Structures are given as C-alpha cells and as structure tokens.
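S.K.: Encoded as structure tokens, here's the structure I'll be asking about.
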C-alpha cells in the first residue's frame, strides 16, 4: 500500500471512470458538502471523465445529494450495487433505472429473525422508502417507512434488505453462507443484497457499458462497503480517516474528509498546466475542456423557455464523427454572452465578426430529437476570426 503523494495522470488514454463514495468521502460527517468538492467534480467532468456516485444509500437518499453535488446527469450506483441509475432531468423522477438486482428475501429474513429475534428488518421500496417489521429511527433509513407483517416483507423479490440489532454483524457469515451478499456497516447493521452484488460488480457492468478500459478506473471511499470497489479499480484510493482494513485494501491513501482528501484525488486527474484557480468557474471549465480534448472543440448550448442555458456541453471529433466530450456544469443557467466573456477570460478564441462589436458567430444546430440549439467552435491560441476552420457539426 502506497501513501506517497498522488500524482497527476497523463491523457494518453481515454476518459476515466471515477467512482466516488458519498458519506465520509464527498459528504462530511455533518452532512455538508465543501464548495471545493463541487468545484473539483465540475472540473473533472469538464475534462471528459465519467464521475459515478457509488453509495450504500438507497435511491431516495442518493438523489438529493446528487443534486447538491451538481450531478443531475450521468450514472450512479446505489444500495451497495443493487441499483444503477442514469441521472436525467427529463423525467419527473430525475432518473432512469439502468440495472436492478432483485433477490428472494424470504430465506435471509427468516434466518436473521431466528438468529436475532428482535431485529429490525427493512425491505427497500425503490424510489420511495422501506417496508419494515418495526419502525427504524428516522436517521437510520432514507425515505419513508411502512410497517407491515413479516409475510409482507417476504412477498416479492427486492433489491436490498437492511438488518438492525445489537451485535447482528456477528451473524454476517452465517447469513452469507446462504448465498446472498452481506455487507456490515458497524456492529449493529447489515445490508443484504443479491448474490455477488456490491459496488464493484455494478461498476464493472457500467464500465463495460461505457466502453472504458479497466486501466482507466479510479475509486475513492472510506467504508467497509467500499473495499470491493477499491480492490476492483485500477487506482483505488482510501480516505485518510478510513479504518486500517479499508486503507489496506486500497493502493493509495489520501487525506481525511477534513483535509479534503477526495478533492486531492480529483485534482490529480487534471493537467497541472491549466491554472483554474485564477479563473471564474465557467472560464476554468472551458479552459479544462479545451486543454483535455483530443481534437477541435465545439461548445453546444440548449435553451428551454427562457434566455438562460438549460444544457451546455463540449463535443469533439472522433474518427470523423462528433461525440460528446463532457458537460460544462457552470454553463447551465448562464447566457451565451456570459460564455463568450468566460471563453476570453480563459484565453480561448472563437469565430467572430470583423467589424462593429465583433460578437461571436454562433451557428444553429439540432440534436437527435430535432431540438434546436447553438454551437460555437472554441480554439486555444488561435486568432478569433471568421476564418477559423472547424469541421461542420453533424449528429450521428
């Protein structure tokens, strides 16, 4: 296990999958999210990396935190790998289920109650809360609770079972011997999911789905439920306050939550020659996108029913086809004029008129659904004139 300073990565390889635990990693023990954390996540995403939240929280507990982190698109793994969702602002729910691993809960629930007769049992109801045999303390479960009979807990397959009782972790192996996956979370708590279901298994399926190489995977976490994912990742990093068992499973150790250890890891994924600290967030993200793009960059923006931008992305040429490089998070809610100002602050050029106010030459485009938007080529160190040459955009 290495505790040497974290080194910046090169960009000879494709975009990375960056899996981050939430509680104790991005979210401190008081439930606060440092502004430095959000800023680092924004830059990593604008650099074209795929940030994936990977948490033991249920979906209903994940969604509000994802919003606070600015992650309203992309993928997330929750319920210790039982659920993978694509975050999406289009549906009212804010997500689309990508994968869900259900299992028959009857055997493990009856076995748990036999081993610990007074145990609290919760069965996850995706997107709502829990069916329980006895009400849990409010802070122990995300979402609503509905008290039901044990027979009703076992009625249909579920994604996750939560078990809470004094010393119940002592029975983890006995329960796991039935074939389910049992993850302790302290002495008095067990999470149960389908066989071979944990954060690592969900992230591996997602990695394959996204076409990202395994040697371009990074994971950061601090808890026992992160061990599988830290071992799975090509670069597994434990938080400095994690237990010795968790730190031993990782290849690297970063600072504690108080020391913004996750921010250190995220910033190590970015090139050192982009001095974003001296730039406004929007300018910094534009500079990062252009610096990390492997080919000419086109910025694309979409509006809804007002003048502010609803979506802002950069796109690059790959094998003659324009593909999305990454989002510009601070572009959402901005104006096209603000983007022009930020681009100039970042030292970027774009096609402009030769006389008068020399405003940017935005050109019209459409997405796959036919919705109209605008695009603007961005250049680093090129003269800003109408003669700047960028291939025409086409969606495929």
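S.K.: Just for the stretch 142-182: of the residues that are at pLDDT below 95 and under 27 Å from residue 65 (Cβ atoms), which one is surrounded by the most Cβ atoms within 10 Å (Cβ to Cβ)?
M.R.: 142
S.K.: I've got another one for you. In the stretch 73-86, what residues are over 9 Å from the mean Cα position of the chain (by Cα) and either surrounded by fewer than 24 Cβ atoms within 10 Å (Cβ to Cβ) or outside any helix (DSSP H, G or I) (or both)? Please lay out each step first, then the result.
M.R.: Initial filter on the stretch 73-86 (over 9 Å from the mean Cα position of the chain (by Cα)): 78-86.
Across the stretch 73-86, the qualifying residues are 78, 82, 83, 84, 85, 86.
S.K.: Which ones in the stretch 275-302 are closer than 17 Å to residue 367 by Cα and out of contact with any helix residue (DSSP H, G or I) (no Cβ under 9 Å at 6 or more places or on another chain)?
M.R.: Once the filter is applied, which keeps residues that are closer than 17 Å to residue 367 by Cα and out of contact with any helix residue (DSSP H, G or I) (no Cβ under 9 Å at 6 or more places or on another chain), the stretch 275-302 yields 298, 300, 302.
S.K.: Assuming residue 118 fulfils every condition listed in (1) in a strand (DSSP E or B); (2) not assigned by TED's automatic domain parsing to the domain that holds residue 50 apart from one, which condition is it?
M.R.: Residue 118 satisfies all of (1) in a strand (DSSP E or B); (2) not assigned by TED's automatic domain parsing to the domain that holds residue 50 except (1).
S.K.: Keeping to the stretch 96-115, report how many residues are part of a helix (DSSP H, G or I) and within 25 Å of the chain's Cα centre (by Cα). Spell out how you get there, then give the answer.
M.R.: To start, the set of residues in the stretch 96-115 that are part of a helix (DSSP H, G or I) comprises 106-115.
Still in the list and also within 25 Å of the chain's Cα centre (by Cα): none.
Selection size over the stretch 96-115: 0.
S.K.: Hey, can you tell me all the residues within the stretch 164-200 that are assigned to a strand (DSSP E or B), over 12 Å from residue 112 (Cα atoms) and in contact with a helix residue (DSSP H, G or I) (Cβ under 7 Å, 6 or more places away or on another chain)? Break it down into steps so the answer makes sense when it comes.
M.R.: So in the stretch 164-200, the residues assigned to a strand (DSSP E or B) come out as 164, 181-184, 189-193.
Those still in the list that are over 12 Å from residue 112 (Cα atoms) too: 181, 183-184, 193.
Those that are assigned to a strand (DSSP E or B), over 12 Å from residue 112 (Cα atoms) and in contact with a helix residue (DSSP H, G or I) (Cβ under 7 Å, 6 or more places away or on another chain): 183, 184, 193.
S.K.: If we only count helices (runs of 4 or more DSSP H) wholly inside the stretch 222-294, which ones have 2 or more residues that are within 19 Å of the chain's Cα centre (by Cα) and free of Cβ contacts under 8 Å to residues at least 24 places away in the same chain? Break it down stepwise before answering.
M.R.: Numbers: elements: 227-232, 244-249, 261-267, 281-292.
In the stretch 222-294, the matching helices (runs of 4 or more DSSP H) lie at 227-232.
S.K.: Look through the stretch 312-329, keep the residues that are touching a residue at least 40 places away in the same chain (Cβ under 8 Å) and more than 17 Å from residue 350 (Cβ to Cβ), and return whichever of them is surrounded by the fewest Cβ atoms within 10 Å (Cβ to Cβ).
M.R.: Filtering first and then ranking leaves 321.
S.K.: Let me ask something else. So which residues in the stretch 225-245 are in contact with a strand residue (DSSP E or B) (Cβ under 6 Å, 6 or more places away or on another chain) and buried (at least 18 other Cβ atoms within 10 Å of the Cβ), if there are any at all?
M.R.: Across the stretch 225-245, the qualifying residues are 225, 229, 230, 233, 235, 236, 237, 238.
S.K.: Right, here's the next one. Name the one entry in 90, 2 that is at pLDDT below 95, within 16 Å of residue 221 (Cα to Cα) and not assigned by TED's automatic domain parsing to the domain that holds residue 280.
M.R.: Details: 90 fails: within 16 Å of residue 221 (Cα to Cα).
From the options 90, 2, the qualifying one is 2.
S.K.: Of the residues in the stretch 309-349, how many are outside any strand (DSSP E or B) and over 24 Å from residue 40 (Cα atoms)? Walk me through it before giving the result.
M.R.: The initial filter retains those residues of the stretch 309-349 that are outside any strand (DSSP E or B), namely 319-320, 328-347.
Pick out the ones that are also over 24 Å from residue 40 (Cα atoms) and you get 319-320, 337.
Residues meeting the conditions: 3.
S.K.: Any chance the stretch 132-139 includes a residue that's within 26 Å of the chain's Cα centre (by Cα) and either at positive phi or assigned to a strand (DSSP E or B) (or both)?
M.R.: Within the stretch 132-139, none of the residues are within 26 Å of the chain's Cα centre (by Cα) and either at positive phi or assigned to a strand (DSSP E or B) (or both).
S.K.: Exactly one condition in (1) assigned by TED's automatic domain parsing to the domain that holds residue 28; (2) surrounded by 18 or more Cβ atoms within 10 Å (Cβ to Cβ); (3) touching a helix residue (DSSP H, G or I) at 6+ places or on another chain (Cβ under 7 Å) is false for residue 252; which is it?
M.R.: Failing condition for residue 252: (3).
S.K.: Hey, another quick one. Going residue by residue through the stretch 354-362, is there one that turns out to be modelled with pLDDT of 70 or more, within 15 Å of residue 302 (Cα to Cα) and within 32 Å of the chain's Cα centre (by Cα)?
M.R.: Yes, some residue in the stretch 354-362 is modelled with pLDDT of 70 or more, within 15 Å of residue 302 (Cα to Cα) and within 32 Å of the chain's Cα centre (by Cα).
S.K.: Spot the failing condition for residue 295; the list is (1) in the same structural domain as residue 322 (by TED's automatic domain parsing); (2) crowded, with 20+ Cβ neighbours inside 10 Å, and only one is missed.
M.R.: The failed condition is (2).
S.K.: Let me ask you something else. Identify all residues within the stretch 176-192 that are in contact with a strand residue (DSSP E or B) (Cβ under 9 Å, 6 or more places away or on another chain), touching a residue at least 12 places away in the same chain (Cβ under 8 Å) and within 15 Å of residue 224 (Cα to Cα); write none if there are none.
M.R.: Across the stretch 176-192, the qualifying residues are 181, 183, 184, 185, 188, 189, 190, 191, 192.
The values are calculated or read from the model by the stated rules, or taken from the named source; none is laboratory data. Predicted model only: the values in this text are computed from it and were never measured. Neighbour counts are summed over all protein chains in view; Cβ atoms, including those assigned to glycine, are modelled from backbone coordinates with ideal geometry.
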